[in-house]
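Only one structure is covered here, and it is reproduced in the block below.
The values are calculated or read from the model by the stated rules, or taken from the named source; none is laboratory data. Because the structure is predicted, anything quoted here is derived from the model rather than measured. With ideal geometry, Cβ positions are generated from the backbone for all residues, glycine too; neighbour counts draw on all protein chains shown. Just so you know, the surface numbers come from the protein's heavy atoms only, side chains and all, with ligands and any DNA or RNA stripped out. Shrake-Rupley method; radii C 1.70, N 1.55, O 1.52, S 1.80 Å.
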There are 2 protein chains.
Amino acid sequence: MTLNKTMPNTQFLKACNLQTTDHTPIWLMRQAGRYMKEYQAVRKHVKFLDLCKNPELCAEVTLTAREKLSVDAAIIFSDILLIANTLGLEVVFKEPGGPSIINPVRSVKDIDLFKAPDVLNDLSYVFEALKITRKSLPTDISLIGFAGAPFTLACYIIEGGSSTNYNLTKQLMLGDKEFAHKLLTILTDITITYLNEQVKNGADTIQLFDSWVGILSSHNFKELVLPYLIKIRNSMDKSIPFIYFGNGASHLYTQIKNINATVYSIDWRMDLDTAWDILGHDTAIQGNLDPSILLTDFKTIKSEVELIFKLINFRPGFIFNLGHGILPKTPFDNVKYLVDLVHSISK
Amino acid sequence: MTLNKTMPNTQFLKACNLQTTDHTPIWLMRQAGRYMKEYQAVRKHVKFLDLCKNPELCAEVTLTAREKLSVDAAIIFSDILLIANTLGLEVVFKEPGGPSIINPVRSVKDIDLFKAPDVLNDLSYVFEALKITRKSLPTDISLIGFAGAPFTLACYIIEGGSSTNYNLTKQLMLGDKEFAHKLLTILTDITITYLNEQVKNGADTIQLFDSWVGILSSHNFKELVLPYLIKIRNSMDKSIPFIYFGNGASHLYTQIKNINATVYSIDWRMDLDTAWDILGHDTAIQGNLDPSILLTDFKTIKSEVELIFKLINFRPGFIFNLGHGILPKTPFDNVKYLVDLVHSISK
């Protein structure tokens, strides 16, 4: 069953495909998150991982955030690290700190201990959550599925959790390229299955989150990482918009454009003008407000949003988003103000 | 007394000034640090801040590292946060975590509580350390003085210590530009006095460390930060090489080149070719090996070093360094291997 075939052409999808839209579509990374009191209320009674594995609750959290903000797309509530379960790696959630891996992977020997992955079964709760969400979502609203990019997953799997500089990851991957390629190949293959199954279950768009790719030099990126991103991209149905988000990756864009993504999600460090110059003016771009701006006030938000609109000058193929996820301490009213402002300016 | 006037023209200074050299000069950020057993031995009996404030010990630590590694320049052992003392801010040292500020500065009111700075007196131990070091340093070796750049100092002073994303800094500085400019003006003025006094006491080169500038968008950098960097640069004697190190700043180089530094110290994210294209081929560059490479092995180090030499192709105006400081867990033998390798390849 490919639900997406019956999906309407949403404003968001039109922008992905460089078509003109009635308004500039907007959604926000981590739009369902700690800054929102409805989310906090759910989390009072449910642990993070239990929430992720409960399709009904995931759908509820996804839909509530979408509706409260009136954004143009919902992104399924989940976590990029859950995919590690299908390799037999145990994921735990620490507060603060976020998800981490009990048994980090640091050698070819560790990789040889992986269980045979069964993505369809082990991550069935994600596919179920997508189906439930799609049923309740207005037809003019898109539903985004996602995964972590292989290098970013490898960072967590090697370090065991988040790190300041991922120096251990670089030490092990650059010092032992057999290990690096073996790990990235496995992560790439399960990601391909995972993303395609998300599309089958209602995701009309896919976003690949490469949160830590920015720590690599461009020659290390080109050798170790880029081929796997291209492989994932080429394994996906070309009619489904494919968004690549490389965080802190300004220095990698001449390489990154070879992924041939439908949309590039850029952070605030990357100038919109520079991005279009490198990626080509016929490429859709998503971004790129600094999330810390949402910690300030309406006046500052307005001034930064106007600057973005001045740069995009209403060209088609732009999706408004942040340069990274909403920060936990962000006031909800600032987020809502941003969404309404983007809609009203662009109508 | 301007000791530098009598300084010989070291290989390092020649490279700064784009002259041909007998070999590619090399020094390493944090070359006197925790990875070195001689440094650990000193720190066993002396706390970090007590070491910084003891000119004889600072000189010893500076000289030992220089000599053990046979690098072409010494950098005075100190910490960028000590300058905060001259404003009446109390700096403490936490292990782990590094230096932090007891009384963070978060409003114009907090700034109004600063004591009148007396850089010459309050930081006399740094100037004394430079004088002692210069006396014992071989005449063919350079002595680098340094300071933190105003924005990076502001990050620490606002947050109270290091942070993952410096979101509070951005919130306060972007949301209240009067506060931002007031703080940056004060930090700029004391930095100018501080750096010029370091030159008077034996530093033949100055490096400005902008460790956190990379978190800013280019329009925020241009408005809030660049004018202060230019002011500092213009306040320095043009015969003294001025090195600007912007960490994670690949996206800012079209702005950064307006600083008109003698040398730009680039991190590993920034391609050497891209750097020269943006900064101009008549600009000296310092960098840019990823410090995590030094965690690997001789073979990997050699392959990465050869790649850098392939790119620079023995053009004048290149100083070998890391893209950031030596990591605490780095094996000493790897560091020594790197220095000897760079010297032997380039002789």
| Can we say B:Pro227 is farther than 29 Å from A:Val213 by Cβ and touching a strand residue (DSSP E or B) at 6+ places or on another chain (Cβ under 9 Å)? | no
| query | A:Thr300 versus (1) touching a residue at least 12 places away in the same chain (Cβ under 8 Å); (2) within 11 Å of another protein chain (Cβ to nearest Cβ); (3) of a type outside the set (Gly, Ala, Ser): which is the lone unmet condition? | reply | (1)
| message | Just to be sure before I move on: is B:Gln171 farther than 30 Å from B:Ser239 by Cβ and either of a type in the set (A, V, I, L, M, F, W, C) or at pLDDT 95 or above (or both) in the structure I sent? | response | yes
| message | Cβ contacts < 7 Å: first residue over 18 Å from B:Gly145 (Cβ atoms), restricted to the range B:215-242; second residue hydroxyl-bearing (Ser, Thr, Tyr) and outside any helix (DSSP H, G or I), any location; separation 6+ or different chain. Result? | response | B:Ile215/B:Tyr166
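Output the number of residues of the range B:52-100 satisfying the condition of being charged (D, E, K, R), outside any helix (DSSP H, G or I) and within 17 Å of B:Leu143 (Cα to Cα). Show your work before the answer.
Looking only at the range B:52-100, we keep the residues that are charged (D, E, K, R), and these are B:53, B:56, B:60, B:66-68, B:72, B:79, B:90, B:94-95.
Now restrict to residues that are outside any helix (DSSP H, G or I): B:53, B:72, B:79, B:90, B:94-95.
When the remaining residues are screened for being within 17 Å of B:Leu143 (Cα to Cα), the result is B:72, B:79.
Of the residues in that region, 2 qualify.
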| said: Tell me yes or no: at least one residue of the range A:175-191 is at pLDDT 95 or above, outside any loop (DSSP other than H, G, I, E, B), away from chain B (no Cβ under 11 Å) and within 17 Å of A:Ser239 (Cβ to Cβ). | reply: no
| Qualifying positions in the range A:257-284 - outside any loop (DSSP other than H, G, I, E, B) and either open to solvent by 30 Å² or more (accessible area, probe 1.4 Å) or closer than 15 Å to A:Gly323 by Cβ (or both) | A:Lys257, A:Asn258, A:Val263, A:Tyr264, A:Ser265, A:Leu272, A:Asp273, A:Thr274, A:Ala275, A:Asp277, A:Ile278
| remark: Looking across the range A:83-126 at residues that are in contact (Cβ under 8 Å) with a residue 60 or more places away in the chain and touching a strand residue (DSSP E or B) at 6+ places or on another chain (Cβ under 9 Å), the single one that is surrounded by the most Cβ atoms within 10 Å (Cβ to Cβ) is A:Val126
| said: Take the residues in the range A:8-27 that are part of a loop (DSSP other than H, G, I, E, B) and crowded, with 19+ Cβ neighbours inside 10 Å; name whichever of them is nearest to the chain's Cα centre (by Cα). | reply: A:Trp27
| message | Which of the numbered conditions does B:Ala249 fail, given that it passes all the others? Conditions: (1) closer than 23 Å to B:Glu197 by Cβ; (2) crowded, with 22+ Cβ neighbours inside 10 Å. | response | (1)
| remark: (1) more than 14 Å from chain A (Cβ to nearest Cβ); (2) buried (at least 23 other Cβ atoms within 10 Å of the Cβ) all hold for B:Thr169 apart from (1)
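Please pick out the residue among A:Gly248, A:Gly287, A:Gly214 that is in a loop (DSSP other than H, G, I, E, B) and not basic (Lys, Arg). Write out each step before concluding.
Values: A:Gly287 fails: in a loop (DSSP other than H, G, I, E, B); A:Gly214 fails: in a loop (DSSP other than H, G, I, E, B).
On inspection, the qualifying residue turns out to be A:Gly248.
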| Selection from the range A:148-166 of residues that are away from every other protein chain (no Cβ under 14 Å), over 30 Å from A:Asp72 (Cβ atoms) and of a type in the set (S, T, N, Q) | none
| task | Would you please list the contacts, defined by Cβ atoms under 7 Å and residues six or more apart or on different chains, that run from a residue in the range B:272-297 that is more than 8 Å from chain A (Cβ to nearest Cβ) and without any contact (Cβ under 8 Å) to a residue 60 or more places away in the chain to a residue that is open to solvent by 10 Å² or more (accessible area, probe 1.4 Å) and of a type in the set (Lys, Arg)? | result | B:Ile278/B:Lys257; B:Leu279/B:Lys257
| query | If you go through the range B:294-347, how many residues are over 17 Å from B:Arg30 (Cβ atoms), in contact with a Gly (Cβ under 9 Å, 6 or more places away or on another chain) and open to solvent by less than 60 Å² (accessible area, probe 1.4 Å)? | reply | 5
| Failed condition for A:Gly145, given (1) within 14 Å of chain B (Cβ to nearest Cβ); (2) of a type in the set (Gly, Ala, Ser); (3) under 20 Å from the mean Cα position of the chain (by Cα), with all others met? | (1)
| Only one residue in A:Lys238, A:Lys222 is over 30 Å from B:Leu322 (Cα atoms), open to solvent by 10 Å² or more (accessible area, probe 1.4 Å) and at pLDDT 95 or above. Which one? | A:Lys238
| request: Considering (1) within 14 Å of chain A (Cβ to nearest Cβ); (2) out of contact with any strand residue (DSSP E or B) (no Cβ under 8 Å at 6 or more places or on another chain); (3) closer than 30 Å to B:Asp72 by Cα; (4) open to solvent by less than 10 Å² (accessible area, probe 1.4 Å), say which one B:Trp212 fails and leave the rest. | output: (4)
| Considering the range A:220-254 alone, what residues qualify as being farther than 22 Å from A:Asp277 by Cβ and within 14 Å of another protein chain (Cβ to nearest Cβ)? | A:Asn220, A:Glu223, A:Leu224, A:Val225
